[in-house]
């Protein structure tokens, strides 16, 4: 279980990287639901998704603890985020993507000075290869979800929601993965 203190630590760690994204109210969805419904605009985040939050927290923490290289396994958004943050901190990153990765995602990774390596079509293949690369380079593997620093970084979106909307009754977030 990730603590509120860990999420607040992440908020401080990533404040120079992640944007505070706007919240929009949907009149149509609010009407359908019979409540006020708000949408957090994480699509406006740097690198285009919420993934920058967790990647920033983990990469920055790793750099603070001496990392000089990072790797990740990703089909796109996480890899872009890791490459972006690694580039900001002046360390190389290798992102292992599936053989059928979209050109726009691999181009974005390269635009952030990340090295792209194609490997297989399954997550397991990519993860194993990214971990192998991190080991060979004496670096740190940055997982896409199942890491406390990743999760604490992603949790910063909840803090923003509570700051931006009064009297929140429920926050509904689609998620996947994670063992903690």
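Tabulated results
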| quantity | calculated |
| --- | --- |
| Filtered residues of segment 4-20 (kept if buried (at least 18 other Cβ atoms within 10 Å of the Cβ) and within 17 Å of residue 44 (Cβ to Cβ)) | 14, 17, 18 |
| Candidates 96, 116, filtered to the one that is without any contact (Cβ under 8 Å) to a residue 60 or more places away in the chain, touching a helix residue (DSSP H, G or I) at 6+ places or on another chain (Cβ under 8 Å) and surrounded by 24 or more Cβ atoms within 10 Å (Cβ to Cβ) | 96 |
| Index of the failed condition, residue 132 passing every other in (1) surrounded by 15 or more Cβ atoms within 10 Å (Cβ to Cβ); (2) out of contact with any strand residue (DSSP E or B) (no Cβ under 6 Å at 6 or more places or on another chain) | (1) |
| Failed item in (1) assigned to a helix (DSSP H, G or I); (2) more than 26 Å from residue 13 (Cα to Cα); (3) in contact (Cβ under 8 Å) with a residue 40 or more places away in the chain, with residue 124 passing the rest | (3) |
| Any hit, segment 80-89, residues being out of contact with any helix residue (DSSP H, G or I) (no Cβ under 7 Å at 6 or more places or on another chain), surrounded by fewer than 21 Cβ atoms within 10 Å (Cβ to Cβ) and outside any loop (DSSP other than H, G, I, E, B) | yes |
| Tally, over segment 36-74, of residues that are assigned to a loop (DSSP other than H, G, I, E, B) and touching a residue at least 40 places away in the same chain (Cβ under 8 Å) | 5 |
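All of the numbers you see were taken from the coordinates with simple rules; none came from a lab. Note that the coordinates shown come from a computational prediction; the quantities given were computed from them, not determined experimentally. Ideal geometry is used to build each Cβ from the backbone, glycine not excepted, and the neighbour counts take in all protein chains shown.
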